[in-house]
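The values are calculated or read from the model by the stated rules, or taken from the named source; none is laboratory data. Bear in mind that the values here come from a model prediction, so they are computed numbers and not experimental data. Here Cβ is always computed from backbone atoms with ideal geometry, including for glycine, and neighbour counts include all displayed protein chains.
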Protein chains: 2
Amino acid sequence: MGVVDGKPGLRERKKQRTRTAISEAAITLFLEHGFNQVSVAQVAEAAEVSKRTLFAYFPTKEDLVVHRLADHETEIARVVRARPPRTAPLAAVREHFLKGLRERDPITGLNDHPQVRRVHQMILDAPSLVARMDRFKTGAEQALTQALQETADIPELTARLAAVQIVAVQWALAQDNAERLAYGEPAGERYAGAVKDAEHAFSLLENGLRQLTPRG
Amino acid sequence: MGVVDGKPGLRERKKQRTRTAISEAAITLFLEHGFNQVSVAQVAEAAEVSKRTLFAYFPTKEDLVVHRLADHETEIARVVRARPPRTAPLAAVREHFLKGLRERDPITGLNDHPQVRRVHQMILDAPSLVARMDRFKTGAEQALTQALQETADIPELTARLAAVQIVAVQWALAQDNAERLAYGEPAGERYAGAVKDAEHAFSLLENGLRQLTPRG
DNA sequence: GGGGATTTCTGCACCGGGTATACTTTTACT
DNA sequence: AGTAAAAGTATACCCGGTGCAGAAATCCCC
């Protein structure tokens, strides 16, 4: 069985091709007609594959869309683990997010390429995809919890609390950016505000909600 | 039975009875055999109602379980709105949560009545129910965002950021409590720790994550 | 290059959640 | 009593997802 260096073997190559064929057929159809308006049977047909085979590659219809984001699920956790010594986890996450803004990483919500925006809109329009994104968020929380525990020497509950706050805030920032771009604001114009908002948000995380004025 | 007090009208009363009949049949069957092991057709039959009628009362299978929690979705928002003058929103939420712990409100995760625990376990065992709870959380965030904006005079983004943090933390606390009870710890014994943890969590929320030690 | 073992793919039948339609029963109102 | 509106029902259907048994492709060793 051992192919030592170059080739993945014909079988593996074909599998990979089939996989991308299915995925691309799916995205194309979904973007054109909407997620809920296209059945998996249609996707399978477009990819020239049986329905059964489609489900051998992607466990659910939603995964046809979301599998592309799989890497991002553990991204924050990896950033925390890889932070330089004597750096606070939060600082590392903040720098990473700011870098994401600079590079217009779609995960920051600050990418206005039509393709990206359309995918985003498609997700928002399909409740089951939104639900899937929530599971995603949960995964990110868990990964971050573990990363914090293993690299910051804090109790488990504290790690969990910090993780859920960090993930929630970052998600909220991204949603806010994406919302504004959906309204037509170009990424370039939004950038400065996005940075300011991110810094505000991370400062809130660092310093707490005390500043929320009491009413009366 | 009494015929005199006919304020709601026969039609309304019958509807209400049908509704609770369906709901109770559902809970009973789900607790006995598991959420995924019981079909809505079986629930309908047990409630002596057609499948179509069941879906006229509850839009999805999951709602058969979670409709009982509908009130809690806006609970935090209401607490914030109803707080006494010159009180910080966060303080109001904290006091409310601590009161929930004292009263063993199931939403704090600190209720170990068998019925409550079984429902909780049932939800955890069914991914679609977990997803539904996430939507719930989102609803709570939105309601709280609005409440904060309207009563605390802060910008929208700040309100959103605060809201997601608060909801996330409270949720994490409840999950932690429920997890421990699931392991067999009685609510009475857990209470002190739960209070301590809650105070820790709210202090973290108030004062920020600065205290997270840098490594190196 | 042949041929068996193994993996992948396929068609088909099936299940369960959810909806459309067209019809019957029940309640409400005068 | 009689009729309009509301609620309930039966049936057939769509779609996502799975089990199964067999056909086809790939691998690997001789």
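So, restricting to helices (runs of 4 or more DSSP H) that lie completely within the range B:5-86, which ones have at least 3 residues that are of a type in the set (Gly, Ala, Ser)?
Qualifying helices (runs of 4 or more DSSP H): B:10-33, B:40-46.
Inspect all residues belonging to the range B:136-146 and state whether any of them is of a type in the set (A, V, I, L, M, F, W, C), away from DNA strand C (no atom under 16 Å from the Cβ) and at the interface with chain A (Cβ under 8 Å from one of its Cβ atoms).
no
Would you mind telling me which numbered condition in (1) of a type in the set (Gly, Ala, Ser); (2) surrounded by fewer than 21 Cβ atoms within 10 Å (Cβ to Cβ); (3) more than 8 Å from every other protein chain (Cβ to nearest Cβ) residue B:159 fails?
(2)
Just give me the residues in the range A:84-137 being over 17 Å from the mean Cα position of the chain (by Cα) and hydrophobic (A, V, I, L, M, F, W, C), in sequence order.
A:88, A:90, A:91, A:92
Just need a number here: residues in the range B:65-94 that are among the hydroxyl-bearing types (Ser, Thr, Tyr) and within 10 Å of chain A (Cβ to nearest Cβ).
Of the residues in that region, 1 qualify.
Any idea how many residues of the range A:147-156 are without any contact (Cβ under 8 Å) to a residue 40 or more places away in the chain and more than 8 Å from chain B (Cβ to nearest Cβ)? Don't jump to the end; show me each part of the working.
Restricting attention to the range A:147-156, the residues satisfying the condition of being without any contact (Cβ under 8 Å) to a residue 40 or more places away in the chain are A:149, A:153-156.
With the extra rule that they be more than 8 Å from chain B (Cβ to nearest Cβ), the set shrinks to A:149, A:155-156.
Looking only at that region, the number is 3.
The rows are residues; the columns are (1) closer than 25 Å to residue A:190 by Cα; (2) outside the structural domain of residue A:159 (by TED's automatic domain parsing).
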residue	(1), (2)
A:53	no, yes
A:57	no, yes
A:84	no, no
A:92	yes, no
A:95	yes, no
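Can you tell me which residue is surrounded by the most Cβ atoms within 10 Å (Cβ to Cβ) among those in the range A:164-208 that are touching a Gly at 6+ places or on another chain (Cβ under 8 Å) and within 10 Å of chain B (Cβ to nearest Cβ)?
A:173
Taking only the range A:27-73 into account, find how many residues are free of Cβ contacts under 8 Å to residues at least 40 places away in the same chain, closer than 12 Å to residue A:126 by Cβ and crowded, with 18+ Cβ neighbours inside 10 Å.
Of the residues in that region, 1 qualify.
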